[in-house]
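Bear in mind that the values in this text are calculations on the coordinates, not laboratory data. Keep in mind that this is a model prediction, so the values were computed, not measured. So basically every Cβ, Gly included, is an ideal-geometry build from the backbone, and we count neighbours across all protein chains shown.
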Amino acid sequence: MLRHTKPQVKSGTCYGQTDLDVADSFEQEAEQVLANLPDIAAIVSSPLKRCRLLADHIAAHAGLKIRLDPRLTELNFGRWENLAWNKVPRAELDQWASDFYAARPHGGESVGDLKSRVDTALSDIRATQTPTVIVTHAGVIRAALAQGREPHHFQTEIDFGEIIRLPDIAKERA
């Protein structure tokens with residue numbers, strides 16, 4: 001799994017399914033990704049622009065086509081989308097914290113909804129038995145790695161442009 005490069009957004013903004021453009025540093029970041037990418041035979045991407053542009057860049061260099069999969073889109077934060085995190089109502093954040101996996105205080109998706117669709121998408125991708133890069137978002141990668149329903153199961157730090165190899169993770173956690 002590969003997290004998209006830096007998006008063009010003000011730091012501290014909640015931007016789950018908001019379709020942001022990439023930052024001015026895209027070309028340099030994308031070249032760094034290419035330098036670290038293992039051999040692949042397929043590319044699957046979130047349809048959001050910040051992922052799709054990176055997937056297109058990889059595809060052009062690898063001679064592959066990309067398949068867009070909306071199940072790999074970031075969490076839908078509903079009315080929190082494009083709000084500064086410090087502007088999100090405290091009561092709503094508290095509600096989310098009290099039932100992290102199932103709450104939807106923003107009117108969007110729950111973390112459980114995200115986990116379910118990500119697990120289904122990964123199952124379908126794994127069934128192809130093809131070395132695949134999945135260009136996606138930090139929340140999607142966290143959901144793929146999560147081994148439980150508590151907030152600490154979803155707290156993995158993932159840098160922009162970072163590659164997470166799921167088989168390696170599985171071996172480390174076994």
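In 10 Å bins starting at zero, report the fraction of Cα pairs in the stretch 2-173 per bin as a rounded %.
Result returned by the calculation: 10, 38, 36, 15, 2.
Can you tell me which of Ser11, Ser116, Ser46 moves the most in a GNM of the chain? Springs connect C-alpha atoms under 10 Å apart.
Among Ser11, Ser116, Ser46, the largest GNM mean-square fluctuation belongs to Ser11.
Once a ≥ b ≥ c are taken as the square roots of the eigenvalues of the Cα gyration tensor of the stretch 16-79, is the result rounded (a/c under 1.5), prolate (a/b larger than b/c) or oblate (a/b not larger than b/c)?
oblate
Quick check on the chain: helices-only [θ] at 222 nm, where DSSP H runs of length 4 and up contribute -39,500 (n - 2.57) each and the sum goes over total residues. Nearest 500, please.
-11500 deg cm²/dmol
Give the residues of the stretch 106-142 whose amide nitrogen is closer than 20 Å to a point set 7 Å from the Cα of Ala97 in the direction of its Cβ.
106-108, 110-112
For Ile164, what residues show an amide H to amide H distance below 5 Å, using hydrogens built from the backbone and excluding near sequence neighbours?
Leu2, Arg3
For the stretch 1-66, which trypsin sites (Lys or Arg not before Pro) pass both filters: DSSP loop (anything but H, G, I, E, B) and at most 15 other C-beta atoms within 10 Å?
Sparse-neighbourhood loop trypsin sites (Lys or Arg not before Pro): Lys10, Lys65.
Let's see if you can work this out: charge +1 on each Lys and Arg Cβ, -1 on each Asp and Glu Cβ, no other charges. What is the dipole magnitude of the chain about its Cα centre, in debye to the nearest 20?
320
In what sequence do Phe77, Phe100 fall when counting other Cβ within 10 Å, fewest first?
Phe100, Phe77
What are the residues whose amide H is under 5 Å from the amide H of Ser45, where those residues sit 5 or more places off or on another chain and H is modelled from the backbone?
Arg67, Leu68, Asp69, Val135
Helix 49-62 versus the longest principal axis of the chain: what angle, 0 to 90°, nearest 10, using Cα atoms?
The angle comes out at about 10 degrees.
Comparing Ser45, Ser123, Ser110, which has the greatest mean-square fluctuation in the GNM of the chain with Cα pairs linked when under 10 Å apart?
Most flexible of the set in this elastic network: Ser123.
By DSSP, what percent of the beta bridges with both residues in the stretch 2-173 are antiparallel, rounded to the nearest 5?
In the stretch 2-173, approximately 25 percent of DSSP beta bridges are antiparallel ones.
Count the lysine pairs in the stretch 2-173 that are 8 or more places apart or on different chains: how many have C-alpha atoms under 19 angstrom apart?
Here the count comes out as 4.
What is the helix-to-structure angle for 111-127, meaning the angle in degrees between its Cα long axis and the longest Cα principal axis of the chain, kept from 0 to 90 and rounded to the nearest 10?
Value to nearest ten degrees: 20.
Which trypsin sites (Lys or Arg not before Pro) in the stretch 82-174 pass both tests, a DSSP loop state and at most 14 other beta-carbon atoms within 10 Å?
Sparse-neighbourhood loop trypsin sites (Lys or Arg not before Pro): Arg149, Arg165.
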